[in-house]
1. What's the total number of residues in the range 179-194 that are over 13 Å from the mean Cα position of the chain (by Cα) and farther than 16 Å from residue 263 by Cα?
2. Are there any pairs, at least 6 apart or on different chains, whose C-beta atoms fall under 7 Å, with the first in the range 118-136 and of a type in the set (S, T, N, Q) and the second loosely packed, with under 14 Cβ neighbours inside 10 Å and not in a strand (DSSP E or B), and if so, which?
3. Which one of 72, 37, 5, 13 is without any contact (Cβ under 8 Å) to a residue 12 or more places away in the chain and either of a type in the set (Val, Ile, Thr) or surrounded by fewer than 20 Cβ atoms within 10 Å (Cβ to Cβ) (or both)?
4. Given the conditions (1) closer than 25 Å to residue 210 by Cα; (2) not assigned by TED's automatic domain parsing to the domain that holds residue 28; (3) not in a strand (DSSP E or B), and given that residue 318 satisfies all but one, which numbered condition is not satisfied?
5. What are the pairs with Cβ atoms under 6 angstrom where one residue, in the range 153-177, is on the phi > 0 side of the Ramachandran plot and the other, located anywhere, is among the polar types (S, T, N, Q)? Sequence gap at least six, or different chains.
6. So which residues in the range 280-330 are touching a His at 6+ places or on another chain (Cβ under 8 Å) and over 20 Å from residue 158 (Cβ atoms), if there are any at all?
7. Could we say that residue 246 is surrounded by 15 or more Cβ atoms within 10 Å (Cβ to Cβ) and at pLDDT below 95 here?
8. Across the range 333-353, what is the total count of residues that are buried (at least 17 other Cβ atoms within 10 Å of the Cβ) and assigned to a helix (DSSP H, G or I)?
Amino acid sequence: MDKMSVYLDYNASAPIDCRVLDTMVDVYKNDIGNADSRTHEFGDKARGIVENARGQVAKLLGVNKDEVFFTSGATESNNIAIQGLFDYANETGKKHIITTAIEHKAVLETVKVMNRKGFEVDIVKPDQSGRVSAKKILDLVRDDTLLVSVMHVNNETGIIQPIKEIGEALAERGVMFHVDATQSCGKLVDEIRKLKYTMLSFSAHKLQGPQGIGVLVLKKRRYKLPPVKPIMYGGQQEKGISPGTIPVALVAGLGKACEIAGNEYKDNLSKAKEIKEEIMGLLEESGLDYEINGDQRYCIPTTLNIAIKGVMSEALMISTKQFCGISNGSACTSRSYSLSYVLQAMGLEEERIESSLRISWGADSDVNSVVEGVRLLIEEAKRF
């Protein structure tokens, strides 16, 4: 039989929803104005599209429209959230940052830069469950702590971090809290709406929106935004936080993706759980010697990270790449092979890490197609 290619790398980038694409094409065809042009109706219409999208994002997240800022993606958002506090840190003497060893490189590399600029950085490791301890993080908080930055859901393991507990404790102590919600936005909708945080980042392409656009939420406290400054300079777009011409079609696509997620997330989660149960059933019946990385009690239903004993994941991915799109780590670090720093931080043995791969799916995944793709993957693994 012919082997059909099945995409199972949604945590790297999800396919764009056709309704999102239609929205963007309509803007590209019919709306040529610059959203900051104030002298004609073309600019007015473009600005209306942007503000409508801002409202769609705000509704999904349960925040105010004026707390939503558009960026080029979560990487820029994370950089602004961290580096943008540099001046405030110098003014207040608060130069202590806390984060975790399993953050996306957009956070870890940025705190390295801050460390070179004289900031003290504490990095907390998870245990073998893939979860960091809220207590360990909170015990590190000091009078001079500037920021705590913790992702909501890990991109490699799918493990949900104790953001609610951390956020509530930090709010009581008046410490700023940044959450990278790239893997949870549009999925754990109810949970995000209840979180306490100062800043939140995400990218559109992880919830079936377009690549190249994202959001930084800056929550107001006593009617004031967090004291972030721009990290690059130009015009005053997005109140100067992210200068540059606003990509109206991308913003419209992001807004539409958020609207769709807000309307359909409950059904999407139900289907994702069904897919995961099917995959688990196939693995249990396979006869393969495998282990699941991360405590599944805390795992999002769209991700599974497994280690197949005796099978090098790199070799398995190469042998299955024609019919199954999977990965063994973050797309942002996978161009050259190296052991997963996330699984290393969890304390897993090198042999297990080398045998680990990530399967991830999403809202438009077809149950039967995923099952067939995983079945073929298992067949190939048995050849090793």
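The values are calculated or read from the model by the stated rules, or taken from the named source; none is laboratory data. Note that this is a predicted model, so its numbers are computed, not measured. Note that each Cβ is placed from the backbone with ideal geometry, even for glycine, and that neighbours are counted across all protein chains shown.
1. Step one: list which residues in the range 179-194 are over 13 Å from the mean Cα position of the chain (by Cα), which gives 189-191, 193-194.
With the extra rule that they be farther than 16 Å from residue 263 by Cα, the set shrinks to 194.
Final tally of qualifying residues: 1.
2. Here the result reads 128/347, each pair linking the range 118-136 to a residue that is loosely packed, with under 14 Cβ neighbours inside 10 Å and not in a strand (DSSP E or B).
3. Values: 72 fails: without any contact (Cβ under 8 Å) to a residue 12 or more places away in the chain; 5 fails: without any contact (Cβ under 8 Å) to a residue 12 or more places away in the chain; 13 fails: without any contact (Cβ under 8 Å) to a residue 12 or more places away in the chain.
Sole residue among the options that is without any contact (Cβ under 8 Å) to a residue 12 or more places away in the chain and either of a type in the set (Val, Ile, Thr) or surrounded by fewer than 20 Cβ atoms within 10 Å (Cβ to Cβ) (or both): 37.
4. (1)
5. 158/303
6. We begin by selecting, within the range 280-330, every residue touching a His at 6+ places or on another chain (Cβ under 8 Å); these are 330.
Hits for the range 280-330: nothing passes.
7. Working: surrounded by 15 or more Cβ atoms within 10 Å (Cβ to Cβ): yes; at pLDDT below 95: yes.
The answer is yes for residue 246.
8. Of the residues in the range 333-353, 5 are buried (at least 17 other Cβ atoms within 10 Å of the Cβ) and assigned to a helix (DSSP H, G or I).
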